[in-house]
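The structure appears below as structure tokens.
The values are calculated or read from the model by the stated rules, or taken from the named source; none is laboratory data. Quick caveat: nothing in here was measured; it's all calculated off a predicted structure. Every residue, glycine as well, gets a Cβ built from its backbone with ideal geometry; the counts of neighbours run over all protein chains shown.
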Amino acid sequence: MKFIDILLDIFIPFTIIFHLLASPYTKVEESFNIQATHDILKYGLPTKDISQNIRQNYDHFSFPGAVPRSFVGSLALATVSKPFALMTGANGYETQLIVRGSMGLLNALSILRYKHALARAYGQDAGRWFVLLLASQFHVVYYASRTLPNMFAFFLTTLALRDFLPLQAWNAPKRHKRGIFLMVFATIVFRSEIAILLFAQLLYMLLHPRMSLEVMIPVCLRSASFSLLITFVIDTYFWQRPIWPELCGFYFNVIQGKSSDWGISPFYYYFSYLLPKLLLNPFISILLIPYGLKKSVIRRRLREIITPSILYVIFYSFQPHKELRFIIYVAVPFTASASIVAAYIWNHRSKSFFYRLASVTLVASVLCSSFFSTWMLFISSLNYPGGHAISQLNHILKEASLNFSESQISTHIDVLPCMTGFTRFLQLPESSLSGKDLPSTNKAPLLFTYDKTEDKNLLRQSDWWQQFEYVLMEKPELALGNWEPIVTVLGYAGFEVLRPGTLNSSFSNYVEQILEASRIELNERVLSDKDLGLKILYSHFWTRTRIQKLILKTKIKGLSYLKNTTSILQQKAWWWVAPRLEPKIWILKKSNGINARDSSKESK
């Protein structure tokens, strides 16, 4: 293997981990699996009083969600992550990074397995361009470490699609059977829409005879039986009732049509918007794939890779509710098809002016896509105010615990923080799996409790609010009683067009605050005890690991570059566009004086 291939093999997992560290918090779609993984890691698998232990400790009985989800992925992820969490003595936040990092590396492994198979089938250059095109996209590498059911399915479908590539003929039947099994397992356990992708793949294999129907049907039946047995046994244990979670989800979303409650899009929406957004690089959909399908030399190669994926998107377009994550599985075959054409163009760059120009454009498109992908990563990292809020609250709670006279500190968490980053991994005390807790004091250890009540009747009772010392609220005026706002957490709220000469904006102020807090962390400035806002920002970026120190320095350099670029734009009297940040979550402390409703009005 050449040195460049080693670098490219490292590049995919590096890019995924970089995206994870730049945006370490989670959204509500990831909530079930991240909470389930936490509970398995912390509470284990009880063998006595199973129902009582699971109902008492596991999050899914308190917050089951609209439909039940499978524990198969969470159990596998906890099994993979636990040795690393134990060896490192990681606290809650670090364990969450380990869990998501394990998820990301598993998906990186599947991508690299596909890349090596692609290189064997179509040449090393096709494999190299596959890595460059995929890594310069945004969504695959960003979502790779996220505990969505779609990304568990992505791991399996990518391995399955690898088995359908035209490699050695002698082991093709074995590979095809394995590919069918992986897709059936992904369908039964994680995402029912994979059945459409499997159907499209099998239809193509029947029409271009690679496998007979007599072979397909028994393989599908055996795979379905095994997969159903796995999910039924595991999920019946965790849900404490006989259940097939993905069937429940299929019935709820498709048969009852409840997915349409989240929005309806026209039939062509995947092809006109979401698929180009997924691939990001317009060169892929505008030139590479159309040119490859037209060029007779490589047309057949593209058809056998891309046809099942196109059929999948067409069939799935009949479903009214459409999201990018529902078609993320086709990013790999679409990018692979583009990489075959890219390799062909690159290898013919000395033959004509067209190929030279196309090669230059190809390189430029990868660089531009990388730039936009990085920009999208920065914007996306601003979409998790709940994660930032709980991180800052934890610092406040640690300080408050030193002088707190009671035995318990209770906090109410509003809906928005729960949807944008709050997980059980981030709760205090920050105990590790090895049993190491926060530094102890002379007093008895405090009990930290977190309430996520959504009952509107309770939320309207002023007496109910008196049990809390702190609350995290999207709308502080809804917290009944007297509360003192101590921190306002900003979040992404679109873009703003800044006129020439604009000296201050929400974005520039945010960058300046983060830079100041980051320099404090690196001991470039002594922190004043009175500077509460910076002190809390400091706590958000504080970490004991060297790798995070390096990342922090890199972040400072990047933010400094943004700040300098902003200054240049202002000096040049240019119009420019920047992210708009506005208050998303308020951290309130119980007070005997100021009312949060009045204080929030004054601050506005």
If we only count helices (runs of 4 or more DSSP H) wholly inside the range 93-197, which ones have 1 or more residues that are under 30 Å from residue 388 (Cβ atoms) and not charged (D, E, K, R)? 124-135, 139-143, 149-163
Within the range 92-101, can one find any residue that is modelled with pLDDT of 95 or more and hydroxyl-bearing (Ser, Thr, Tyr)? no
State yes or no: is residue 117 in the same structural domain as residue 158 (by TED's automatic domain parsing), more than 25 Å from the chain's Cα centre (by Cα) and modelled with pLDDT under 95? no
What pairs come out if I take residues in the range 380-398 that are more than 12 Å from residue 423 (Cβ to Cβ) and pair them with residues that are part of a helix (DSSP H, G or I) whose C-beta lies under 6 Å away, six or more apart or interchain? 381/22; 389/417; 392/536; 392/540; 395/536; 395/539
Breaking point among (1) modelled with pLDDT of 90 or more; (2) loosely packed, with under 15 Cβ neighbours inside 10 Å; (3) part of a helix (DSSP H, G or I), for residue 318: (3)
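Filter the range 18-37 down to residues that are part of a helix (DSSP H, G or I) and out of contact with any helix residue (DSSP H, G or I) (no Cβ under 6 Å at 6 or more places or on another chain), then give me how many there are. If you could, list the steps in order and put the result at the bottom.
Of all residues in the range 18-37, those part of a helix (DSSP H, G or I) come to 18-22, 28-37.
Pick out the ones that are also out of contact with any helix residue (DSSP H, G or I) (no Cβ under 6 Å at 6 or more places or on another chain) and you get 18, 29-32, 34.
Summing the residues that are part of a helix (DSSP H, G or I) and out of contact with any helix residue (DSSP H, G or I) (no Cβ under 6 Å at 6 or more places or on another chain) in the range 18-37 gives 6.
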Against the condition surrounded by 14 or more Cβ atoms within 10 Å (Cβ to Cβ), in contact (Cβ under 8 Å) with a residue 24 or more places away in the chain and in contact with a Phe, Trp or Tyr (Cβ under 9 Å, 6 or more places away or on another chain), how does residue 26 come out, does it pass? yes
Suppose we keep only residues that are assigned to a loop (DSSP other than H, G, I, E, B) and in contact with a helix residue (DSSP H, G or I) (Cβ under 7 Å, 6 or more places away or on another chain) within the range 209-267. Which one would you say is farthest from residue 49 (Cα to Cα)? 210
Can you tell me which residue among 255, 284, 234, 217 is closer than 30 Å to residue 370 by Cα and among the β-branched types (Val, Ile, Thr)? 284
Quick count over the range 321-367, residues being part of a helix (DSSP H, G or I), surrounded by fewer than 17 Cβ atoms within 10 Å (Cβ to Cβ) and of a type in the set (Lys, Arg), is 1
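Only one residue in 78, 85 is touching a Ser or Thr at 6+ places or on another chain (Cβ under 9 Å) and farther than 28 Å from residue 228 by Cβ, so which one is that? Steps first, please.
Values: 78 fails: farther than 28 Å from residue 228 by Cβ.
Exactly one of 78, 85 is touching a Ser or Thr at 6+ places or on another chain (Cβ under 9 Å) and farther than 28 Å from residue 228 by Cβ, namely 85.
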Subset of the range 92-108 [without any contact (Cβ under 8 Å) to a residue 40 or more places away in the chain and either surrounded by 24 or more Cβ atoms within 10 Å (Cβ to Cβ) or closer than 19 Å to residue 422 by Cβ (or both)]: 98
Within the range 1-17, count every residue that is buried (at least 17 other Cβ atoms within 10 Å of the Cβ) and either under 15 Å from the mean Cα position of the chain (by Cα) or not in a helix (DSSP H, G or I) (or both). 4
Take the conditions within 23 Å of the chain's Cα centre (by Cα), in the same structural domain as residue 121 (by TED's automatic domain parsing) and at negative phi and apply them to residue 203. Does it pass? no
Scan the range 45-67 residue by residue and report those that are among the small types (Gly, Ala, Ser), at negative phi and assigned to a loop (DSSP other than H, G, I, E, B). 66
Hey, can you tell me all the residues within the range 301-315 that are farther than 14 Å from residue 197 by Cβ and surrounded by fewer than 18 Cβ atoms within 10 Å (Cβ to Cβ)? 303
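Which residue, of 238, 283, is more than 30 Å from residue 361 (Cα to Cα) and either free of Cβ contacts under 8 Å to residues at least 12 places away in the same chain or surrounded by 20 or more Cβ atoms within 10 Å (Cβ to Cβ) (or both)?
On inspection, the qualifying residue turns out to be 238.
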Across (1) farther than 30 Å from residue 379 by Cβ; (2) surrounded by 12 or more Cβ atoms within 10 Å (Cβ to Cβ); (3) modelled with pLDDT of 90 or more, residue 431 clears everything bar (3)
